[in-house]
Amino acid sequence: MVDWASNGESRKKFVLNRLASEGPPNFSDDPIDVSLPEILNPIENLEQLFIATFTAGMPLFLSYCEIPADLLPVTIARHNVENCWSSSPNKRSSKPYPDFPNLVIIYPPFPEVIAFGQDLSKSAIGCHHPKLLVLLRRGSLCVVVTSANLVVEQAPTCFLGKASTVGLEKAVEVLDTLGNSMRNLNSRGFMTGMASRQDKISILAFEIANTITKAANLLQSLSEENVAYLNKELLPSKGVQQLVSTNMKDLLTIVAHDKREDFAVFCCEVIRFGDMCKDPQWHNLGRYFSKLDMDTVTHKQLRTEAEMTMQELITLAQHTSELYHELHALDKFEKDYQRKIEALIFLKLSLEGEHVMMLESELKHQRKSVRNLKKKSLWFKSLEEVVEKLVDIAIFIHQEISEAYGYDGLTSSPRRKSETLGEAGLALRYANLITRIDAIALYPTSPSDNMRDALYNGLPPNVKTSLRSRLQAVTKEELTLSQIKADLGITLQWLVPIATNTKRNDLGKMSRGHKKIIRLQTLYHADKEKMDELIIELVTWLHHMISLRRSNKAFPPKTSKVQFSEEDRNLLEKVMQRGMLVPGISKSQDFVMSKKHAQRLSKSTGTSPHTQVKA
């Protein structure tokens, strides 16, 4: 019990009942008093505070408990003669103390008789139902329920009932009940922070569906088919060998490390969902996952069971994806319907037209589709049930990584002699450079100045410096245009797909039916020094190719005189003798018309000399 003085006058006390855990009461003859500061301390660790049916004076409480004026959000639900039965929700809350901007007072609409008895003049009479204190700290939640009335005038030795700390599950139920009765106030104060612990998945379905997709992609990449493709085709490929490493052991270590990183991202999401469960056994899953590397025998998951679980989750995720699109369609239907109704009301027209009935029918059908998909998807599933399945999948993925790459791949990191493009954050920049080089190489004529300037300006500074010295050097070997094109084509044939994968992976775009791109298929692990040298070589070839094209254009080869055979010459002479054909008329028509014109005479035949009409 803590004494305090109000305005230096009589000493009074806030008295709260003795705290006891749930179960049979075990009261001693000399009960222990618990003060409010003892419950609130350490107050600097509090993130939010909610108190219901607190009837003492607010300034007295705030000063007594040393509540920070502008740091701690505090919401207090209390009774008030003027506001508690107001029909307007806006009058059921206020911020009456300017010195405490984060303090919100709410006035729930409790019945008058229960709140104040028959005498409505008493504004500080306690209620006949338990009082609720909710303290949210970093990483913990404390809920206290007591039947004691927290009134300043209350006698220090008056104990009206027992107080108890409520378990996390019951606390959520209490807050949910309170939130349902004050839905207009749930956006301010303490209530918004309490939706994190839940039973049904509801809106989290879309996030969980994305997590399931990550697990499915990771498992697919660990399949026997994909591992065989990796070892036989990808690792020995020219791009990986030239840009990353020729040591197969190092390459396998890089792949295993990438899988490990993807697995860690997946586990972090499962841990977050586990912390949202009501059941404490799913909290702090990070400790459980950290033991997987230490004990690989105890944590075993059968392949058949894991595959069945994964297929079940994939089906739920697919239905959830459909639900996402149907919800968007429902939102569109509702907006169209609302706009139509508002337009009819504005025009003072009837709301029973055929178009309105059609919109109502479509809206009803869409709502039914959404309801059906919610039943098939993750929406109505238990969060704890889905988290349990995700934990099983995490164990199985851990097994698959160790079987595919060995247990050494779980802990070892790749040895780097030099910086990679991914580490330097330059993978996408070099991918764009390669795309520009390929576009210029495929250009049928000399590229424009803008294309050349864009390519040069995109080069890194060290590449520009080395390129100047390379271009100024006199080349002893003279290459033809076709040889340069062939050399460029050979290199770009394996380099351009890697650049395309890099850009696709950065944008997150993948065509349906294509396998997920891994980092070794992009420029992420490419050695920066090797890549710089390759870019210099490609740009040098481009320079020589453009120079050769310009020289050929400036000095075009002389054209030889066309030689015709004797047969062709005879045919040409016959055509010349016939003269010019009438434009737009076939040869047969021209022959007939020529005869007719030959037999006609002009009106001035007698005065003008006779001329032969050309056939």
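Computed from the coordinates by the stated procedures, all read-outs in this text should not be read as laboratory data. A quick note: this is a predicted structure, and the numbers were derived from the prediction, not measured. No Cβ is skipped: glycine too gets one built from the backbone with ideal geometry, and neighbour counts run over all protein chains shown.
What FRET efficiency would be calculated for the residue pair E419, E362, taking the C-beta separation as r and a Förster radius of 45 Å, to the nearest 0.05?
0.20
For the pair I517 and Q483, what calculated FRET efficiency results from E = 1/(1 + (r/R0)^6), where r is the Cβ-Cβ distance and R0 = 35 Å, to the nearest 0.05?
0.55
Need the full-extension length gain, K249 to E224, defined as separation in residues times 0.36 nm minus the C-alpha distance. One decimal, nm.
Result: 7.1 nm gained on full extension.
From zero up to wherever the largest Cα-Cα distance of segment 235-310 sits, split into 10 Å bins and tell me the percent of pairs in each.
15, 29, 30, 19, 6, 0
Please check which bits of segment 314-329 a label hung off K376 would reach, taking the label as a point 7 Å along Cα-to-C-beta and the cut-off as backbone N under 12 Å.
Flagged as within label range: 315-324, 326.
Please report the equivalent ellipsoid semi-axes of segment 344-413, computed as sqrt(5 x eigenvalue) of the Cα gyration tensor, largest first, in whole Å.
Square roots of five times the eigenvalues give 55, 14, 10 Å.
Calculate the FRET efficiency for N457 and E261 from the Cβ-Cβ distance with a Förster distance of 25 Å, rounded to the nearest 0.05.
Using R0 = 25 Å, I get an efficiency of 0.15.
Counting C-alpha atoms alone, how compact is segment 207-255: give Rg to one decimal and Dmax as a whole number, in angstrom.
13.6, 40
N210 versus L302, label points 7 Å from Cα toward the beta carbon: distance in nm?
3.5
Assign unit charges at the C-beta atoms only (+1 for Lys and Arg, -1 for Asp and Glu), then state the dipole size of segment 203-411 relative to its Cα centre in Debye, rounded to the nearest 20.
Around 500 debye, computed over segment 203-411.
With the crude spin-label approximation of a point 7 Å out along Cα→Cβ, what separation in nm comes out for S448 versus S369?
So the two model labels end up 4.5 nm from each other.
Enter the per residue convex hull volume of segment 281-400, computed from alpha-carbon coordinates, in Å³ rounded to the nearest integer.
Here the figure is 127 Å³ per residue.
What full-extension length gain, to one decimal in nm, is calculated for K335 and K348 as 0.36 nm per residue of separation minus the Cα-Cα distance?
Length gained between K335 and K348: 2.7 nm.
If you split all Cα-Cα distances of segment 421-554 into 10 Å bins from zero, what percentages do you get per bin, shortest first?
11, 40, 33, 13, 3, 0
So if the hydrodynamic radius of segment 203-411 is defined as the Kirkwood radius over C-alpha pairs, what does Stokes-Einstein give as its diffusion coefficient at 25 °C and 0.890 mPa s, in µm² per second?
Approximately 121 µm²/s, per Stokes-Einstein.
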